[in-house]
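What follows is calculated from the coordinates using simple rules that are stated; it is not laboratory data. No experiment lies behind these values; they were computed from the predicted model shown. Neighbour counts run over all protein chains shown; Cβ positions are idealised from the backbone, glycine included.
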Amino acid sequence: MKKIINLIALLLLSVVTYATDFTEHFITGTPKITAMSQLTFGPQGILFVGDSKSSKLFAIATNDLDKPSGEVKVNVRDLEGKIAAMLGAKKEDILVHDIVVNPISKNVYLAVSRGRTKGDSYWKLPNDLEDATILLRLKNGKDFEEVSLKNVKYSQISIPNPIDFEKKDFKGKQRPDVITDLAYANGTVYVAGLSNEEFASTFRKVPFPFKDKVTATTLEIFHGAHGKYETKSPIRAFIPYKLNGKDHILAAYLCTPLVTIPEDKLKNGKHVRGKTIAELGAGNMPLDMVVFNKNGKDYILMANTTRNAMKIAIDDIANTKANITTRTKVRYGTEGVKYVSFPRVLQQLAKFDDKHILMVARLPNGSLTMVTQPTKWL
């Protein structure tokens, strides 16, 4: 009898239960995702997919809720080659668009395309070259599998007033920039990107669960390297973070201003000017930002296209007096909050757990690698 009671207790402990089921009003079917432009995870293993092409945000119940039985490490060499072999494609046609880690299972999700891997412009990113339509999962740090989106529980909401399909800038068509980054925090999905407004740089807040309510705030920031205020360049990477007890958005832009924006200023229909606290060097595009803790202090790690990853202390951001409103003295120089250079150019980042960051980098031999990096070494 005692054994039976212990078994029942063990089974009850293994069942994940929630006071609020965020999937309660989801529908079952196949979401019509045309481009997995950006990914992020929310509560209860829910994967958010931002689709710039259709201008929609999807919430998908992955049912990936089992915690790992032990420590999980990721060390995948020749990432593109392994994906190509799985998909029956050529290695040179594989594009990894985004990676995220399920905070419950520690499984890695990848948005992937089979398309053109080399752009015709210095600035082009994977979303400018091809639409990611394949979702993969790396289980337990070892085994790849394709994630089927047929007959899943999901919810969706439209992102209003996206930039037109035919609008262009120096990179080409701007439609891939309807959604340039996503983050979930405190019951809200934050969406950076471009709208069809005169001031095209737009930041949207989407309450979750979705209730047909999306607020949109247009943004303006001073770009020190360019010596002017700009409203048409979108945020490229951002994180929500509390500075001095107040919620902020920490945002990085092309070429490379670092900006703080008070979260409570981001109201529907308003136009907000961010505070430029650093210029991190022209000729560069930020790709990803994560927060990690080391020795009791929080830091940002930011991946870039042409510069080594940058480590910035949150305390320095919170306490800085910098407010850049004039052209930087040296075009390719840096001003404002200082950073420490991590000795590697990284393509993608994701928080893995409290002691590790997931990194994707191109090795000197040209091979793409994905590894978990202990934060104590950063």
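Suppose R0 equals 25 Å; then what is the FRET efficiency for THR320 and PHE199 from their Cβ-Cβ distance, rounded to the nearest 0.05?
It comes out at approximately 0.45.
Using label points projected 7 Å from each Cα along Cα→Cβ, tell me how many nm separate LYS338 and ASN140, to one decimal.
Simple spin-label model gives 4.7 nm for this pair.
List TRP123, TRP377 from most exposed to least, where exposure is judged by having the fewest other Cβ atoms within 10 Å.
TRP377, TRP123
Can you say what percent of the DSSP beta bridges in the chain, counting only those with both residues inside, are antiparallel? Round to 5.
95
Quote the relative contact order of the chain in percent (integer), defining contacts as alpha-carbon pairs under 8 Å separated by 6+ residues. Can you show the working numbers first?
Working: 947 pairs, mean separation 47.9, N = 378.
Relative contact order of the chain: 13 percent.
In whole angstrom, how far apart do the alpha carbon centroids of segment 157-191 and segment 126-140 sit?
17
Taking the Cα centre of segment 179-278 as the origin and placing charges on Cβ (Lys, Arg +1; Asp, Glu -1), which of PHE238, PRO207, ALA252 is farthest toward the positive end of the dipole?
The Cα lying farthest towards the positive end belongs to PRO207.
Putting +1 on Lys and Arg Cβ atoms and -1 on Asp and Glu Cβ atoms, find which of GLY333, ILE163, GLY366 reaches farthest to the positive end of the dipole of the chain.
Looking along the dipole axis, the top candidate is GLY333.
Based on Cβ point charges of +1 for Lys and Arg and -1 for Asp and Glu, what charge dipole magnitude is obtained for the chain about its Cα centre, in debye rounded to the nearest 20?
Charge dipole, the chain, about its Cα centre: 560 debye, nearest 20.
Identify which of ASN284, ASN308, ASN186 has the largest mean-square fluctuation in a Gaussian network model of the chain, with springs joining Cα atoms closer than 10 Å.
ASN186
Just round it to a whole percent: the fraction of Cα-Cα distances in segment 259-347 exceeding 16 Å. Please report the intermediate quantities before stating the final value.
Numbers: 2356 of 3916 pairs.
Above the 16 Å cut-off, segment 259-347 has 60 percent of its Cα pairs.
What FRET efficiency comes out for the pair THR20/SER121, r = Cβ-Cβ distance, R0 = 56 Å, nearest 0.05? Could you put the intermediate results ahead of the total?
Numbers: r = 46 Å, r/R0 = 0.81.
So the FRET efficiency works out to roughly 0.75.
Take LYS211 and ASP298, extend 7 Å from each Cα along the Cα→Cβ direction, and tell me the distance between the two endpoints in nm.
Each label point is offset 7 Å from its Cα along the Cβ direction, giving 2.6 nm.
Write down, largest first, the equivalent ellipsoid semi-axes of segment 18-105 in whole Å, where each equals the square root of 5 times an eigenvalue of the alpha-carbon gyration tensor. Provide the component values of the computation, followed by the final result.
On the way: eigenvalues 136, 85, 22 Å².
Calculated on Cα positions only, the semi-axes equal 26, 21, 10 Å.
How big is the gap, in Å, between the Cα center of segment 34-48 and the Cα center of segment 315-342?
What the calculation gives is 32 Å, centre to centre.
Mean 1/r over all different Cα pairs, inverted: what Kirkwood radius does segment 174-252 give, in Å?
13.3
Can you tell me what percent of all Cα-Cα pairs in the chain are more than 41 Å apart?
10
Tell me, what is the FRET efficiency for ASN186 and VAL330 to the nearest 0.05, using R0 = 30 angstrom and their Cβ-Cβ distance as r?
Details: r = 39 Å, r/R0 = 1.31.
Between ASN186 and VAL330 the formula returns 0.15.
On a 0 to 90 degree scale, rounded to 10, what angle separates helix 2-14 from the longest Cα axis of the chain?
20
Per the Cauchy relation, a quarter of the hull surface: what is the mean projected area of the convex hull of the alpha carbons in segment 41-175, in nm²? Working shown, then result.
Numbers: hull surface 37.8 nm².
Averaging across all directions leaves 9.5 nm² for the Cα convex hull.
Take every Cα-Cα pair in segment 224-378 and report what % of them are more than 28 Å apart.
The answer is 19 percent, as a whole percent.
Rounded to whole Å and ordered largest first, report the semi-axes of the equivalent ellipsoid of segment 313-378 derived from its Cα gyration tensor (root of 5λ).
29, 18, 9
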